1. Scanning region A:282-314 for residues that are among the polar types (S, T, N, Q) and surrounded by fewer than 20 Cβ atoms within 10 Å (Cβ to Cβ), which turns out nearest to A:Ala117 (Cα to Cα)?
2. Looking only at region B:38-80, which residues are open to solvent by less than 10 Å² (accessible area, probe 1.4 Å), over 14 Å from the mean Cα position of the chain (by Cα) and in contact (Cβ under 8 Å) with a residue 60 or more places away in the chain?
3. Against the definition (under 15 Å from A:Ser19 (Cα atoms), more than 7 Å from chain B (Cβ to nearest Cβ) and buried (at least 24 other Cβ atoms within 10 Å of the Cβ)), how does A:Leu39 come out, yes or no?
4. So B:Thr26 fits all but one of (1) touching a helix residue (DSSP H, G or I) at 6+ places or on another chain (Cβ under 7 Å); (2) assigned to a loop (DSSP other than H, G, I, E, B); (3) open to solvent by 30 Å² or more (accessible area, probe 1.4 Å); what number is the exception?
5. Select, from A:Ile175, A:Ile136, the only residue that is modelled with pLDDT of 95 or more, open to solvent by 10 Å² or more (accessible area, probe 1.4 Å) and not acidic (Asp, Glu).
6. Among the candidates B:Thr128, B:Thr77, which residue alone is over 13 Å from A:Asn61 (Cβ atoms) and either at pLDDT below 95 or out of contact with any Phe, Trp or Tyr (no Cβ under 8 Å at 6 or more places or on another chain) (or both)?
7. How many of the residues in region B:217-252 are open to solvent by less than 70 Å² (accessible area, probe 1.4 Å) and acidic (Asp, Glu)?
8. Determine if region B:15-28 includes at least one residue that is over 28 Å from A:Ala95 (Cα atoms) and hydrophobic (A, V, I, L, M, F, W, C).
Amino acid sequence: MESKFMKGCEAIAEAAIRSGCRFFAGYPITPQNEIPEYLSRALPKVGGVFVQGESEVASINMVYGAGGAGTMAMTSSSSPGVSLKLEGVSNLAAARIPAVMVNVMRAGPGMGTIQPAQSDYYLMSKAPGHGGFRTITLAPATLQEAVDLTYEAFELAFRDRMPVIVAPDGFIAAIMEPVDLPDYRDPPETPAWAVAGCEGRDHINVLLNGGLNEEDQLAKNRIAEELYEKWDREDVRVETYKVEDAEYVFAAFGLAARICKSCVDELREEGIKAGLIRPITISPFPYAAFAALEDNVVKYVIDVEMSIPAQMVNDVRLGMKDRFPVAQVNTAGGLILDSEDVIAKVHELVKGV
Amino acid sequence: MELVYKKPEAINANPFPYCPGCMHGTVTKLIAEVIDEFGLREKTIVVLPVGCGTLGVLLWNMDNICSAHGRAPAVATGIKRTHPEKFVFTYQGDGDLGAIGFSEIMYAANRGEKISVIFVNNSIYGMTGGQMAPTTLVGQRATTCQDGRDPEREGYPLKIAELIAQLTTPVYVARFAVNTPQNVRAAKEGIKKAFQNQMDGLGFSLVEILSNCPTNWGVSPMATLDFIKDQTMKEFPLGVFRDKTEEAADEK
């Protein structure tokens, strides 16, 4: 363990290397450029490969090749660039190739702005590509968590042979915070399934991004479904903060959750019983944490997002089965959530009850 | 009894998946023979395209990976860069390489990826049923230009080998055809050269091979051979457009 004061993007990049990542391909886009810049310097020093792709599409497909050959591989981008990468993410999921994609989210839609937002919630949690598949999508709220989750994302990717998404917003990628960096670990040996030449094997390996026929495709879909259901059972991560007796429960992830957490403390000092449910995996979503909210205790659930329209709110409603009224605080355009707006909303609700 | 001829080990015993008269089989066999002759099978990764060439998954007896449409050169980049000691080639058609994957091929060539590209140009989208390709000849009919390709409307055929030979980086760029026994033999020599370059670590090589599509041209297999000679080769002359093998070897 090593402690350092680091910028978000650089800490994420360093965590990737420490986790065993030895291939990166990416295309410039703000606000994540420090990830490829850092890796262009750092990867060659550990025997890794950095390639600046000619496009997001090419970059994710380079990752598809490197991952298919058994190397821990990563790409990073930001919202508009991620749209372009999704073809590749779908193919990674289809061919069951492990990889990590970091999406430093900015405001949208379209070109949007280059400032922080949580605009890709649906895209990152529901359908990060065509054809019907899912990913584990990790949404850090602090730089330390971004480091830890990036480090772990490679393990998850290799465990399941699937793409894993780390989705910080632009704020977390841009801040400087002290972080404890995990230890370096050796990259894995070339796995038995990798396409790296059949020498020493009595069979060839084939990585196919589709079905040989309808039955084969159906069988692949069924196998994938089992994996997704296992995630729902075993891989959900959530932080609950002072929820036990809370009457006003915030639902927020990433930076919005970090802001809400401080609001919980502030409101509690005023005597208002506030709490927070923070999904860490926005996929699989922690529905159970919302289902566990108690009927006679909770007065309001306040969904707080840096996205207009709000996106996560639909999962929140589903989780709590529409048992409580929902209030909304949200912002967009790259404007950071103001804690005063959050506090004011709760005051308004308290008065109105 | 003495064995004088056998199927290359680099292809398997599956039934031939291509249409009757299609010369993908010829090109596949030439590659497989070269792989066998160079003893490369166990260190090779074949990068498949989307298109008729995807059917190679049923034929290649070597590790292989199927790319998204047009992305094979990017996929090959990821493999070769992380396994420089392995042998990596892409097998791509003209829609895959010349249209949707034009960016990927140009940049892989310009970066000088140490891979070999086999580009099978039959002037049509085969797998999707005969649409106009970037290499469809002027006046040649396709399902999306049913009165024939009109340069006023669709521009002229894209000359991939010549375009790539404009770049400074590539080591070997050449065009062959497989319409006559002589041309087939020459194509095999071209493939050998491209593969040798990779084995020597010299850089990027592309071999374009003019082929046919009896099904979608609506021409009998025998007549496609004359079509290639009389029409395709007029637009796409055979030849070596770049060969700096010796220069690259000297630099190395």
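1. Residue satisfying both the conditions and the ranking: A:Asn314.
2. Within region B:38-80, B:Leu40 is the sole residue that qualifies.
3. In short, yes.
4. Tallying (1) touching a helix residue (DSSP H, G or I) at 6+ places or on another chain (Cβ under 7 Å); (2) assigned to a loop (DSSP other than H, G, I, E, B); (3) open to solvent by 30 Å² or more (accessible area, probe 1.4 Å), B:Thr26 fails exactly one: (2).
5. A:Ile175
6. From the options B:Thr128, B:Thr77, the qualifying one is B:Thr128.
7. Final tally of qualifying residues: 1.
8. yes
The values are calculated or read from the model by the stated rules, or taken from the named source; none is laboratory data. All figures in this text were calculated on a predicted structure; none of them were measured in a lab. Heads up, the Cβs are rebuilt from the backbone with ideal geometry, glycines too, and the neighbour counts pull from every protein chain shown. Just so you know, the surface numbers come from the protein's heavy atoms only, side chains and all, with ligands and any DNA or RNA stripped out. Shrake-Rupley method; radii C 1.70, N 1.55, O 1.52, S 1.80 Å.
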